[in-house]
Amino acid sequence: QATLEISPWKEKEEQQVLFQKTKVMLTLPQYETKASIPDEEGINDINLIAFADKAETDIIWKSISNSKEILEFDLFLPKDRRCTIAAIANLGRKLDLSEIENWKEMAAGIKDADGFRHGIPMTALLEDITPQKDIPIRMELVRTASKISLRIDRARLSKDVRMTVKNVRIGNYPRSVSLWKSSKAGSAHELFETGFELTAEQCNPLNQAVQGGLSEEVSSYMLENMQG
């Protein structure tokens, strides 16, 4: 048996919204040189947010086991509407609703200057796009940290002079970085006086000659900081 109820059709009150499944593919930054301290390719978690008409329509959070592959996600987006998709990697947690409302003001911070426990924060953003059926959306993650690479040139030292590098330290290290705009430390309280440090073992390439007095290279990362 079936019971049928008939009511008047109210055209203005009925707005049909169709959603379509859209595949989003996140790729890692592609650079010629790579640093292993910290792991600059590792992805440990992802926050993926989709907006339509400035309102949140879908959000995915996923914890990942240090992935270094292309990441694929399915978002359900309104059909034929302009959308914005934002991705944040290695934030270390799931975003809450209050943060999503002001997502463009977000910053990622580190608790100490010993490195990135959850990996280097990365972001990807596509604004004002109209997803097409069966066409995946590709986004490349961009690191929010600058690579600092060092080599030592001993060519002008006297033959009887030896110089051994025991550690490398980055001072005035920013405690946080803006994810979607230029980042700037406003005061000394926003910096670690003693920053990231490479140990003697990690600095060993600086004591290995390559040619002409030039050493091998070591690299580290520092959160973007446009303070000048």
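Nothing in this text is a laboratory measurement; each read-out follows from the coordinates by a stated rule. What you see is a predicted model, and the numbers here were worked out from it, not measured in a lab. Neighbour counts run over all protein chains shown; Cβ positions are idealised from the backbone, glycine included.
Return the loop-located GluC sites (Glu not before Pro) in the stretch 124-211 (DSSP other than H, G, I, E, B) with at most 16 other Cβ atoms within 10 Å of their own Cβ; answer none if there are none. Kindly include the intermediate steps, with their values, before the conclusion.
Numbers: sites: Glu127, Glu140, Glu190, Glu193, Glu197, Glu201; in loops: Glu201.
When the GluC sites (Glu not before Pro) of the stretch 124-211 are filtered for loop state and at most 16 Cβ neighbours within 10 Å, Glu201 remain.
Considering the convex hull of the alpha carbon atoms of the stretch 71-220, report its projected area averaged over all viewing directions, in nm², one decimal.
Over all viewing directions, the stretch 71-220 projects a mean Cα-hull area of 13.3 nm².
Take the Cβ-Cβ distance between Glu99 and Ile135 as r, set R0 to 25 Å, and report the resulting FRET efficiency rounded to the nearest 0.05.
0.25
If you take the charge dipole of the stretch 104-224 about its Cα centre, with +1 on Lys and Arg Cβ and -1 on Asp and Glu Cβ, which of Pro136, Leu125, Ser219 is farthest toward its positive end?
Result: Ser219, furthest along the dipole toward the positive end.
Please give, to one decimal in nm, the separation of the simple spin-label points placed at Arg156 and Ala2, each 7 Å out from Cα toward the Cβ.
9.0
Identify the chymotrypsin sites (Phe, Trp or Tyr not before Pro) of the stretch 139-228 meeting these criteria: DSSP loop state and at most 15 other C-beta atoms within 10 Å of the C-beta.
Here the sparse-neighbourhood loop sites are Trp180.
Mind giving me the nanometre distance, one decimal, between the label points for Asp39 and Leu125, set 7 Å out from Cα along Cα→Cβ?
2.8
I'd like the trypsin sites (Lys or Arg not before Pro) in the stretch 128-179 restricted to DSSP loop residues with at most 11 other Cβ atoms within 10 Å, sorted by number.
The qualifying sites are Lys133, Arg156, Lys159, Arg162, Lys166.
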